[in-house]
Amino acid sequence: MKKSSIILIVIIAIAIAMILVIYTDSSTYSTFTEAKEKKTEIYVVGVLNKQKDLHYDPVKDANHFSFYMYDNDSTECQVVFNGSKPQDIERSEQIVLTGKMEGGVFHASKILMKCPSKYNQDQMEVIETTSTPATASVN
């Protein structure tokens, strides 16, 4: 076999592998009900329940934020985020969470908010927040 043929086969194999990785990693949005059944990290999309209080006390614990959210099936669930409260979460029109269910509480590792843009009425502003990893304090 010629060197050019071998190189072409290797390039095609790498391209096929990249396509498979992209498609197997892409996830669809789930609901809180599906999150209770699965033990893996999933994406849940929904809206903030503005009737209930947001719990964030930076003096007590700056890396603990919790709130209630409705998913696309109108199922309400408490969400706990190990990070600071995202700015303008109250203005968000839609929230996408990455995380998993532990007990009856959804523990989010990332929060992606879709907020109305303050500059253009017809456009959306997207804000992403990730949780801070827990660190051990040394005294």
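A few points about this structure:
- Unique match (being within 17 Å of THR130 (Cα to Cα) and aliphatic (A, V, I, L, M)) among ILE111, ILE9: ILE111
- Options ASP61, ASP73; residue that is in contact with a helix residue (DSSP H, G or I) (Cβ under 8 Å, 6 or more places away or on another chain), open to solvent by 70 Å² or more (accessible area, probe 1.4 Å) and free of Cβ contacts under 8 Å to residues at least 60 places away in the same chain: ASP73
- Of the residues in the range 1-16, none is under 26 Å from the mean Cα position of the chain (by Cα) and of a type in the set (Lys, Arg).
- Test: residue in the range 77-92 that is farther than 24 Å from LYS39 by Cα, polar (S, T, N, Q), surrounded by 15 or more Cβ atoms within 10 Å (Cβ to Cβ) and out of contact with any strand residue (DSSP E or B) (no Cβ under 6 Å at 6 or more places or on another chain): yes
- Where a residue in the range 30-58 is under 17 Å from MET101 (Cα atoms) and in contact (Cβ under 8 Å) with a residue 12 or more places away in the chain and its partner, wherever it lies, is among the basic types (Lys, Arg) and open to solvent by 60 Å² or more (accessible area, probe 1.4 Å), with Cβ under 8 Å and at least six apart: SER30/LYS38; ALA35/LYS100; LYS38/LYS100; LYS39/LYS100; THR40/LYS100; GLU41/LYS100; ILE42/LYS100
- Residues being open to solvent by 30 Å² or more (accessible area, probe 1.4 Å), more than 19 Å from GLN51 (Cβ to Cβ) and in a strand (DSSP E or B) - total across the range 99-110: 5
The values are calculated or read from the model by the stated rules, or taken from the named source; none is laboratory data. Keep in mind that what you see is a predicted model, and the values were worked out from it rather than measured. So basically every Cβ, Gly included, is an ideal-geometry build from the backbone, and we count neighbours across all protein chains shown. With ligands, DNA and RNA removed, areas are computed over all heavy atoms of the protein, side chains included. Shrake-Rupley method; radii C 1.70, N 1.55, O 1.52, S 1.80 Å.
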